[in-house]
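Rule-based calculations on the coordinates, nothing more; no lab input. These figures come from a predicted structure and were not determined experimentally. Backbone-built Cβ (ideal geometry, glycine too); neighbour counts: all protein chains shown.
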2 protein chains.
Amino acid sequence: MQTKFAKRVTTASRSFTRTILDLTAQSSIISFAGGLPDAALFPRDSIEKHAKKLFETEDNRLFQYSNASGVEALKVEIAKKYVGTTSAEIMLTNGSQQGLDLVCKTFLDEKDCIIVEDPSYLAALGLFHMYNATIKAAPLNANGVDTVALEALFRDYSPKFFYTIPIFQNPTGYSYTLETRKEVVRIAKKYNVILLEDSPYEALRYDGTQTTAFADLLPELTIALGTFSKTLAPDFRIGWMRAPKEIISALTLSKESTDLQNSKFFQHICAKMMQSGELQEHTKTLIQCYRPKRDAMVKALHTYFKDSIEFIVPEGGMFIWVNFKKCDDSMKLFDVAIKKGVAFVPGSVFFADKRISSYGRLNYTNSSLAQIEEGVKKLYEAYVELS
Amino acid sequence: MQTKFAKRVTTASRSFTRTILDLTAQSSIISFAGGLPDAALFPRDSIEKHAKKLFETEDNRLFQYSNASGVEALKVEIAKKYVGTTSAEIMLTNGSQQGLDLVCKTFLDEKDCIIVEDPSYLAALGLFHMYNATIKAAPLNANGVDTVALEALFRDYSPKFFYTIPIFQNPTGYSYTLETRKEVVRIAKKYNVILLEDSPYEALRYDGTQTTAFADLLPELTIALGTFSKTLAPDFRIGWMRAPKEIISALTLSKESTDLQNSKFFQHICAKMMQSGELQEHTKTLIQCYRPKRDAMVKALHTYFKDSIEFIVPEGGMFIWVNFKKCDDSMKLFDVAIKKGVAFVPGSVFFADKRISSYGRLNYTNSSLAQIEEGVKKLYEAYVELS
């Protein structure tokens, strides 16, 4: 048979991160490649306790078809994260990745223009390609997006939305200053561009103070995406969207035709854990465990690499974005590093144009302190061998 | 703000079935409108037992990110349903509705032609519209699709796939004869058209014998969709796809970019229930409970309506498709019926062209025997009032 796939599929490539995840799962390689939370920290007792209670107290309707937008009690808890927001402005999704998919499905016609940060989240770039979007990238620096470049793109391309990860960005770990945010808000209003604000790592802050979200600065033009995959557990597959009601209605219609609804079982558990404060307490534990890991990686990078690399210490999240300045193409470093027994993600895959890059993304949440020390050492050996 | 949705959304309408579900959930109306299984029959003890075991025996990786195609043990069990099929040809989805979405995403470029049965599943028609597909409909009769009309459509439009529900069809309850299936296979081969075989009700057979699935008659050109929503529980959100490996690979890529993966928790439980034979036993129970409901509805329809309506007794599934021949437009009957306290779905919404129809779809699985008798009586009163 000659299979006649859609054009979007024939131009898509298998996710590089997924390839690395498969590789590192099967070997003794120390992996700084994924974006996985530390499974040892999942609040298992709490999950089990609430699951047991659900079985004891709920009737069989727990397992029946229900509405597409999710469990009301959980939407109420999530609404509290935003100023003046009600549960009608919240919708739950199958992880925040599905939020991205539903936004694309609801807003994008073929060739519509969207703006991304350069670099940006790999799986978002892959998804935008699947929708045959015209993707324009605005440079990102340590204070956030380059707003002069962004304004020019808004003016020249009338994009449907600007996809931004303003806190502890993936892959860079950079965060927008309040000043940058305000300038983005100004130009979003001026050119009527939706801000698609993705904040998966927001709760994982180790230093500094929170700046106001786009969802609160410009609620009428912001679609905010969030997730419990980093704070609770990825397998729960609970993400959310906050947007004006009119947009939530359209997104709900897209959700219904896409997969009718999510499983509500873990949504109920998540709601109970928020109502009781258990999730908030658990998040503090995560921060206490992840901060030393970040610090250990920062220290090891300084110890081994000294001035031969550049990076900014992230205030939170899961990643450090390193400029391996003596290695023009970090894909070559990746090949040597794998042989030494350590993995990371070469920067190239995070750029919309996939250009050759000296950068690399290092994850520290899913390795032990000893593995972090050992992995950075191996990475340095690879770096020396290459230069 | 002027919201700039995609064209697909501005032409989509809120699902009529969802509207009816909302209406009937809030009132004392007897509903023959939905397609809901009987929640009282969910195998709660079995679910709870296996959930407890999972908590006891599995480590925290149970809640970690995992692969996009689903739990291997469950894929192995599902593969056994098809001749000569391995788990590599199976992929799990968030309900079979997501299977439909992923097939569209993977195969459809704008304006691509697809063929549906006339009438067909409402939420599939809605989804195909979302992909801006060119939809052509082939008439359905009690022996299956009109193959002469189908061949003409295959020849004239080179469709990407033919969407078929060959057993206990939705909305009609009709089943393809083996002869019709073989003719469909012949022309699918001749014109190289994929058969998208959706069989959500397959396991719910009350009379007669199973015919061979398209997936077994023409595996190289068939994408088969299945679900545990009707046999186990809808909230588990477990559907599956069986297709040639090359197609499963492409569908998996689409799944990854759409929502990374499903929750695996209930997939593990479902696998355990299949391995132990509990699900198979449970299906027998369902049949024993649903058969009398079908029979009660058939009897009540004969008792009240006598020769003033026409219908074919379905051998299984959840629906009876009634021709209210004295009422040209069953939407009018619906309005009167709601006032009398009974709901059904007017036939119009199941036709691709939404034409006025004298047909209606009646569900019998989610009402008690007494409600079935009472509801049919009310429906007859509405019918008399209208004619």
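Values for this structure:
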read-out	value
Above-threshold pairs, the threshold being 30 Å between Cα atoms, out of B:LYS49/B:LYS284; A:LYS7/A:LYS264; A:LYS354/A:LYS378	A:LYS7/A:LYS264
Most fluctuating residue given options A:ARG237, A:ARG205, A:ARG44, as computed from a GNM of chain A linking Cα atoms under 10 Å	A:ARG44
Percent RCO, i.e. relative contact order, over the stretch B:216-282, from Cα pairs under 8 Å lying at least 6 residues apart	26
Shielding by partners, peptide A:61-69 (average Cβ within 10 angstrom, other chains)	6
Principal axis box of the stretch B:64-276, alpha-carbon based, largest edge first, Å	50, 42, 29
Neighbour-count ranking [beta-carbon atoms within 10 angstrom, fewest first] of B:LYS105, B:LYS299	B:LYS299, B:LYS105
Rel. contact order, % - alpha carbon contacts under 8 angstrom, at least six apart, the stretch B:64-276	28
Pseudo-label separations to other copies for A:HIS302 - Cα-to-Cβ vector, 7 Å, nm	8.7
For chain B, convex hull of alpha carbons as volume per residue, Å³	158
Taking chain B and dividing mean pair separation by its residue count, relative contact order in percent (alpha carbons under 8 Å, at least six apart)	23
Exercise: per-residue mean of other protein chain Cβ atoms within 10 Å, A:226-236	3
Kirkwood estimate for the stretch A:233-386, i.e. one over the average of 1/r between Cα atoms, Å	18.5
Cross-link partners of B:LYS160 among aspartates and glutamates (Cα-Cα below 12 Å; sequence separation of 8 or more within a chain)	B:ASP109, B:GLU110, B:ASP112
Of A:TYR191, A:TYR176, A:TYR290, the one that fluctuates the most in a GNM where chain A has Cα springs shorter than 10 Å	A:TYR191
Whichever aspartates and glutamates have a C-alpha closer than 14 Å to that of B:LYS52, once near sequence neighbours (fewer than 8 apart) are set aside	A:ASP45, A:GLU48, A:GLU56
Residues A:LYS377, B:LYS354, A:LYS75 arranged by fewest to most Cβ contacts within 10 Å	B:LYS354, A:LYS377, A:LYS75
Other copies of A:ASP207: label-to-label distances in nm, shortest first, labels 7 Å along the beta-carbon direction	7.7
In the stretch B:42-77, the GluC sites (Glu not before Pro) that fall in loop regions by DSSP, at most 15 other Cβ within 10 Å	B:GLU58
Shortest-first nm distances, B:THR86 label point to equivalent points in other copies (7 Å, Cα→Cβ)	5.6
Calculated [θ] (222 nm, deg cm²/dmol) that DSSP helices of n ≥ 4 give over chain A, each run adding -39,500 (n - 2.57)	-13500 deg cm²/dmol
Other protein chain Cβ atoms within 10 Å, averaged over every residue that makes up A:246-258	6
Residue order, fewest to most beta carbons within 10 Å, for A:LEU225, A:LEU279	A:LEU279, A:LEU225
Within a Gaussian network of chain A (alpha carbon springs, distance under 10 Å), most fluctuating of A:LEU251, A:LEU150, A:LEU178	A:LEU178
Cα-centred dipole magnitude for the protein assembly as shown, charges only on beta-carbon of K, R (+1) and D, E (-1), debye, nearest 20	160
Kirkwood Rh and Cα Rg combined as Rg/Rh, the protein assembly as shown	0.98
Centre separation in Å (Cα based) which lies between the stretch A:43-77 and the stretch B:149-211	38
